[in-house]
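Here, each number is a calculation from the coordinates, and none is a lab measurement. The structure displayed is predicted, hence computed values, not measured ones. Positions of Cβ are generated from backbone atoms using ideal geometry, with glycine treated the same way; all protein chains shown enter the neighbour counts.
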Amino acid sequence: MKLSDRFFKNRVKPIAIAQLILVIPLLIIVILTFTSNTVNLFYTAVIQILLAISMFLTGIEQYMLKNKWQAITFFALTLFIIFVVIQTFYVASIQR
């Protein structure tokens, strides 16, 4: 079995491809964040935004695959992460 068959099994292909596209900048920003000596709240908030978008896409995918409970869970996690992002941007604006 090929890797692409394993990855796309029981998934909506356009959403899975969009999530893969989001992972590349996410990994780059994570590497930039962990290699810097100071805490940069802007990078942290961008990471959280990309994670929230990915979870939102997963929620849409689960809704399309008729997994209602998982879709509701991912949508709730997305709202929680967006709330944390708003707090992070607020703290970043105070520290300037």
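Here the Karplus relation 6.51 cos²θ - 1.76 cosθ + 1.60, evaluated at θ = phi - 60°, turns the backbone of region 48-65 into coupling constants of 5, 5, 4, 5, 5, 5, 5, 5, 5, 5, 5, x, 5, 4, 5, 5, 5, 8 Hz, with x for every Gly and Pro.
Annotation for region 1-93: trypsin sites (Lys or Arg not before Pro) lying in DSSP loop with at most 11 further Cβ atoms inside 10 Å of their Cβ are Lys2, Lys9, Lys66.
Using θ = phi - 60° in the Karplus curve 6.51 cos²θ - 1.76 cosθ + 1.60, the 3J(HN,Hα) couplings for region 75-85 round to 5, 5, 5, 4, 4, 5, 5, 5, 4, 5, 5 Hz; x is entered for Gly and Pro.
Below 8 Å between Cα atoms, with a sequence gap of 6+, how large is the relative contact order for the chain in percent? Once divided by the residue count of the chain, the mean separation gives 27 percent. Remark: Met64, Met55 ranked as Met64, Met55, counting other beta-carbon atoms within 10 Å and listing the fewest first.
Quick check: from the Cα gyration tensor, does the chain come out rounded (a/c under 1.5), prolate or oblate? Verdict is oblate for the chain. Stretched out straight at 0.36 nm per residue, the stretch from Ile31 to Lys68 would grow longer than its current Cα-Cα span by 9.9 nm.
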